[in-house]
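The values are calculated or read from the model by the stated rules, or taken from the named source; none is laboratory data. These numbers come from a predicted model, not from an experiment. Cβ atoms come from the backbone with ideal geometry, glycine included; neighbour counts cover every protein chain shown. Protein only, heavy atoms only, side chains kept; ligands, DNA and RNA dropped before computing areas. Shrake-Rupley method; radii C 1.70, N 1.55, O 1.52, S 1.80 Å.
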Amino acid sequence: MALSKSSNTYGRTSWEDSEFPILCPTCLGDNPYVRMMKEKFGSECKICVRPFTTFRWCPGARMRFKKTEICQTCAKLKNVCQTCLLDLEYGLPIQVRDQALNIKDNIAKSDVNKEYFIQNAEKQLSATDHGVPGAAGGPGKSHPPSDLLMKLARTAPYYRRNLPHICSFWVKGECKRGEECPYRHEKPTDPDDPLADQNIKDRYYGTNDPVAEKLMRRAATLPRLDAPEDKSITTLYVGNIGEKMLEKELRDHFYQYGEIRSITIVSRQQCAFVTYVTRSAAELAAEGTFNKLIIQNRRLVIRWGKSQGKQNIPGTTNTEAGARFEPVPGLPRALPHPEELEHNFFNLAPTTSAFPSPYPQFAPPSYPLMAPPPPNPTPNQPELPGFLAEGQSGIHYPSQDPTRLGAINKTRQT
Amino acid sequence: MPKVKRSKKPPPEGWELIEPTLEELEAKMREAETDPHEGKRKVEALWPIFKIHHQRSRYIFDLFYKRKAISRELYDYCLKEHIADSSLIAKWKKQGYENLCCLRCIQTRDTNFGTNCICRVPKAKMEEGKIVECVHCGCRGCSG
């Protein structure tokens, strides 16, 4: 009789006695006034087999009773729910989370090792702020949010997980309880389905977890935007922009990924083309906006632009040598044309003749870079920001426009 | 039903009228007692006992209070001989407990949260279409 839980306290100091379980919103259920039953040292942890304080509660009407399955130390080590063993932050299996975040932990699995490991981990946990998960290599808030996890994670609690189990008598065709049966009278899943064979240890250690495999397979088939082979393509197609989308709104968003060469809006087809100056900026933008960008409550469709031969995108030129680009500011050029220094496009004083060199695109606007200049370029042609005819150079971005900050363009006045 | 007669006195008048029904109920109780438990759930085993016990007490209670068919002496005799359950009848006299199924169902100390049995919840307050059988006596609702 001296061995009952209440009378014998020998070696009890290391047993867990908690006041509240660590649970995910799904396991807690939708009732904000949930009542729980607490049993001190009610069962052994399914992972570390030490006694812990179990909690039992009903997560809502027509749901089955749930109870905590693993101890809080084990739950904190992996930052998981004590009942469903899914990640507390994303609600995903440990295997998926660890793969996505590249977490490698070495939680011991053999008996003595496990005891020693848990003992050390507990020491660490109590040394840090208790209750903060992730002390022993688990994921804390320090990890950057993973795109993959955000996509795979559910946005709302999944209460169907709390449904009663399927009535085994009904499956055999001999349930006599009929309507009163609290178990589900439904066809069971196919036993050959890998999802039918799950176990708690595999879930915890993140090894051949069928649910995780299913999720990873789904992740592999998620729509992706592959950058085209042709490295000269720096244009993104933006679809479903509606009729009232302004260029400014697009520019405001897309400018964050890099300098924009041009934005063309085709309002008839409700789409736009955003051309970047560099390929890397375009790739960055494609990655950052694909399936994510929402402007004016519209989810915009992002695709890569087609190759230059098929699309006539302003700002690019087609010559017999292939796709040619306008000179790009900031990029080194071969050599300035001697004429360039002689032409004074702004009617500036001769002393500042070197001034246009940082802005090489103010060079003769009507011929491509490598082609010889036309004999008589028209220097007084006013520069129009925005869209020019093909082959004509424009101002790449507002900061290049000298008139923008109040400078007086003398060519227009004269 | 008493196994032995406790008093030496002969039963009061009118006993012969109710005796056959009581005999019949006792036979049913015997049968329920000897019924095999195979195929039943653990909690189900005692349900018929509670049901017949309820029926027997209800019979005496109705005869005396509702139909006024038996005398006070016979009623007292039945209570004394434990043919009818006096504490159950005491509850039936209270408002809201007119149809109480058994005494275990109102024993709040036996429950986790100090509540009554599910069969004590009025039908109107229960969610639509929910059918319950309480674990104590298999009652499907005894409160309005």
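Observations, loosely collected:
- Candidates B:Val121, B:Val135: the one that is open to solvent by 60 Å² or more (accessible area, probe 1.4 Å) and within 14 Å of another protein chain (Cβ to nearest Cβ) is B:Val135.
- Out of A:Asp197, A:Asp190, sole residue that is touching a helix residue (DSSP H, G or I) at 6+ places or on another chain (Cβ under 9 Å), within 26 Å of A:Pro59 (Cα to Cα) and in the same structural domain as A:Cys27 (by TED's automatic domain parsing): A:Asp197
A quick yes/no check of all residues on (1) in a helix (DSSP H, G or I); (2) touching a Ser or Thr at 6+ places or on another chain (Cβ under 6 Å); (3) crowded, with 17+ Cβ neighbours inside 10 Å:
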position	(1), (2), (3)
B:Leu46	yes, no, yes
B:Arg58	yes, no, yes
B:Tyr65	yes, no, no
B:Ile70	no, no, yes
B:Tyr75	yes, no, yes
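- Yes/no for A:Glu89 being assigned by TED's automatic domain parsing to the domain that holds A:Leu215, within 24 Å of A:His165 (Cβ to Cβ), acidic (Asp, Glu) and buried (at least 18 other Cβ atoms within 10 Å of the Cβ): no
- Any hit, segment B:73-86, residues being away from chain A (no Cβ under 14 Å), in contact with a Gly (Cβ under 7 Å, 6 or more places away or on another chain), within 22 Å of B:Glu23 (Cα to Cα) and of a type outside the set (Asp, Glu): yes
- Scope segment A:162-178; condition open to solvent by less than 60 Å² (accessible area, probe 1.4 Å) and either in a helix (DSSP H, G or I) or away from chain B (no Cβ under 14 Å) (or both); matching residues: A:Asn162, A:Leu163, A:Ile166, A:Gly178
- In the set (1) basic (Lys, Arg); (2) closer than 14 Å to A:Tyr204 by Cβ; (3) not in a helix (DSSP H, G or I), the condition left unmet by A:Lys104 is number (2).
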